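The structure under discussion appears below in the form of structure tokens.
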Amino acid sequence: MIPRHLPITQLSPDDGTHYWVGYYDKQPWSADGSQLLAHRTKFLDHFPTPGEPCQIGTIVDGEFVHAATTDAWNWQQGAHLRWCTLTGQEALMFNDLDDDAEPITRWVTTQGVQLHSIASPIYAVTPDGTTGLTLDFGRLSRLREEYGYPALTDKHPDDPAPKEEGLWKVDLISGERTLLISINQLAQIDPGEIDLTLDSAPHQHINHIMINPAGTRCCFLHRYDRDDGILQSRLFSIGLDGSNPRLLMEGMVSHYDWLDDESILAWGGKRKLLGSGTSKKSPKASAMTLARKSLKPIYYAMGKPRFLMNKVMGDSYLIIPDQDEPETAPFAKGQLTCDGHNTFFRGNQHIEPNRWMVTDGYPDLKSNQPLYLWDLAKDTGYEIGRYHTPKDLDGPIRVDLHPRFSHDAQSICIDSAMNDARAIYSIDTSSLTSPQEIAS
């Protein structure tokens, strides 16, 4: 890894409030690059409670332009705020709650004029902007607080694998919803020796939906709590017509992005030492699970150094083909050794698709978060920054960098609390990613 710390500029106002974009899978800049998506609040030190809305809008020339408020938000993903041209003009699309505290999606202009709404929240949107995918946010709110909305409740809290909840396809014009696959159906795909439809695998839920560049398939996580307390992750893909669901990987899977239409780059590991979540443990796996529980307090006392997951558990970045019984391949082995939020630059007329990948890491022992830029053509990585994060901002209120490329790959946008306030920053990457530098 080559150290090359690059110039950084604060984009959000320094006005005593707190700003962030949201998750790493959203393009924050408008088409012409003049406006930047933003959430704004007056506090940063606690998870939102019902009745604590946040403002949404854009940042233009260092000033916040307020467009709307929303009651459906969290620190990790905001209100799933994104740009959308469904209405024939570039508008803001975001999740909110209606008067009955039910989740909806709204479209407004950057000046706050409402254009459209549907009676469903949205998680991911196809590249053509006509179709959305979503999940059951009430269940997510109960089981993974940091990704849910505090006003919502789980409609099936006592059912480990409900038939009425799962992955939904939504027509963004009419709001019509179609259940592509239920949690109950997922529980019956390669369950091993455990009946995942019963209480032996409680707290099943779906998270992290991501659509491939062609808009033909998506991937997502099916997760549940094992009886030994370990969170089991199962990475699935499925056609947007509900066809050909595939179990791509099981064990630990966290963050990922589509490398292209046929493969996914993910941080994960099969964790064979801990045994499978869908079969009985060997004596060795039982011993490793006990050791993991014993060492967990030490791990937390050390500041949760994520690189240990690479050294001890064997977690790493893996290229996973979207096919039946895929064979994974290592990516940046021995260099990118920490879980992060990885995303690819899709290319433009000057830079080929997927030439560049950006990812971050979790805080090190000095509470600094690294930022990495990877050149796939040269198989070379750069540490382009390392930024302080306050130790008391952890758990559901943590501030991940969530890096995202600009339209021309000359900048990367991050969220950070490096100056004790949530703020949005831009890193100038042109010294590495400009067409002139690439050609040299």
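The values are calculated or read from the model by the stated rules, or taken from the named source; none is laboratory data. Just so it is clear, the structure is predicted and the values come from calculations on it, not from any experiment. So basically every Cβ, Gly included, is an ideal-geometry build from the backbone, and we count neighbours across all protein chains shown.
Conditions (1) in contact with a Lys or Arg (Cβ under 7 Å, 6 or more places away or on another chain); (2) not polar (S, T, N, Q), marked per residue:
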{"residue": "64", "(1), (2)": "yes, yes"}
{"residue": "70", "(1), (2)": "no, no"}
{"residue": "78", "(1), (2)": "no, yes"}
{"residue": "83", "(1), (2)": "no, yes"}
{"residue": "86", "(1), (2)": "no, yes"}
{"residue": "93", "(1), (2)": "yes, yes"}
{"residue": "96", "(1), (2)": "yes, yes"}
{"residue": "101", "(1), (2)": "no, yes"}
Residues of region 1-23 classified as among the aromatic types (Phe, Trp, Tyr) and closer than 30 Å to residue 335 by Cβ, total: 2
Does region 66-99 hold any residues that are of a type outside the set (Gly, Ala, Ser), loosely packed, with under 15 Cβ neighbours inside 10 Å and free of Cβ contacts under 8 Å to residues at least 60 places away in the same chain, and which are they? 66, 85, 89, 98, 99
Can you tell me which residue within region 54-82, out of those that are in a loop (DSSP other than H, G, I, E, B) and among the charged types (D, E, K, R), is farthest from the chain's Cα centre (by Cα)? 61
Quick check on region 195-207. Is at least one of its residues part of a strand (DSSP E or B), modelled with pLDDT of 95 or more and buried (at least 20 other Cβ atoms within 10 Å of the Cβ)? yes
Scanning region 95-125 for residues that are of a type in the set (S, T, N, Q) and within 23 Å of the chain's Cα centre (by Cα), the one nearest to residue 71 (Cα to Cα) turns out to be 95
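Considering every residue within region 399-414, establish whether at least one is aliphatic (A, V, I, L, M), surrounded by 15 or more Cβ atoms within 10 Å (Cβ to Cβ), more than 23 Å from residue 258 (Cα to Cα) and touching a His at 6+ places or on another chain (Cβ under 7 Å). Spell out how you get there, then give the answer.
Keep residues of region 399-414 that are aliphatic (A, V, I, L, M), which gives 399, 401, 409, 412, 414.
Restricting the remaining residues to those that are surrounded by 15 or more Cβ atoms within 10 Å (Cβ to Cβ) gives 399, 401, 409, 412, 414.
Still in the running and more than 23 Å from residue 258 (Cα to Cα): 399.
Next, from what is left, pick out any that are touching a His at 6+ places or on another chain (Cβ under 7 Å): none.
No, every residue in region 399-414 fails to be aliphatic (A, V, I, L, M), surrounded by 15 or more Cβ atoms within 10 Å (Cβ to Cβ), more than 23 Å from residue 258 (Cα to Cα) and touching a His at 6+ places or on another chain (Cβ under 7 Å).
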Odd one out for residue 1 among (1) over 18 Å from residue 417 (Cα atoms); (2) in contact with an Asp or Glu (Cβ under 7 Å, 6 or more places away or on another chain); (3) buried (at least 19 other Cβ atoms within 10 Å of the Cβ): (3)
Take the conditions modelled with pLDDT of 95 or more, of a type outside the set (Phe, Trp, Tyr) and surrounded by 21 or more Cβ atoms within 10 Å (Cβ to Cβ) and apply them to residue 332. Does it pass? no
Report yes if residue 91 is closer than 23 Å to residue 10 by Cα and hydrophobic (A, V, I, L, M, F, W, C), otherwise no. no
Selection count, region 343-353, where residues are in contact (Cβ under 8 Å) with a residue 24 or more places away in the chain and touching a Pro at 6+ places or on another chain (Cβ under 9 Å): 7
Restricting attention to region 126-148, does a residue exist that is closer than 20 Å to residue 57 by Cβ and crowded, with 22+ Cβ neighbours inside 10 Å? no
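Residue-wise test of (1) in a strand (DSSP E or B); (2) out of contact with any strand residue (DSSP E or B) (no Cβ under 6 Å at 6 or more places or on another chain); (3) closer than 20 Å to residue 428 by Cα.
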site: 347; (1), (2), (3): no, yes, yes
site: 353; (1), (2), (3): no, yes, yes
site: 357; (1), (2), (3): yes, no, yes
site: 364; (1), (2), (3): no, yes, no
site: 371; (1), (2), (3): yes, no, yes
site: 382; (1), (2), (3): yes, no, yes
site: 386; (1), (2), (3): yes, no, yes
site: 390; (1), (2), (3): no, yes, no
Condition (residue is out of contact with any strand residue (DSSP E or B) (no Cβ under 9 Å at 6 or more places or on another chain), at pLDDT below 95, at positive phi and not in a strand (DSSP E or B)) applied to region 223-231: is it met by at least one residue? yes
Going through 19, 24 one at a time, which residue ends up being in contact (Cβ under 8 Å) with a residue 40 or more places away in the chain, assigned to a loop (DSSP other than H, G, I, E, B) and closer than 27 Å to residue 370 by Cβ? 24
Determine which member of the set 355, 404, 386 is within 24 Å of residue 17 (Cβ to Cβ) and either at pLDDT 95 or above or of a type in the set (Gly, Ala, Ser) (or both). 404
Selection from region 149-178 of residues surrounded by 16 or more Cβ atoms within 10 Å (Cβ to Cβ), of a type outside the set (Lys, Arg) and either in contact with a helix residue (DSSP H, G or I) (Cβ under 6 Å, 6 or more places away or on another chain) or in a strand (DSSP E or B) (or both) yields 149, 152, 154, 161, 162, 165, 166, 167, 168, 170
Any residue at all in region 39-53 that's buried (at least 17 other Cβ atoms within 10 Å of the Cβ), not in a strand (DSSP E or B) and not aliphatic (A, V, I, L, M)? yes
Take the conditions buried (at least 21 other Cβ atoms within 10 Å of the Cβ) and on the phi > 0 side of the Ramachandran plot and apply them to residue 192. Does it pass? no
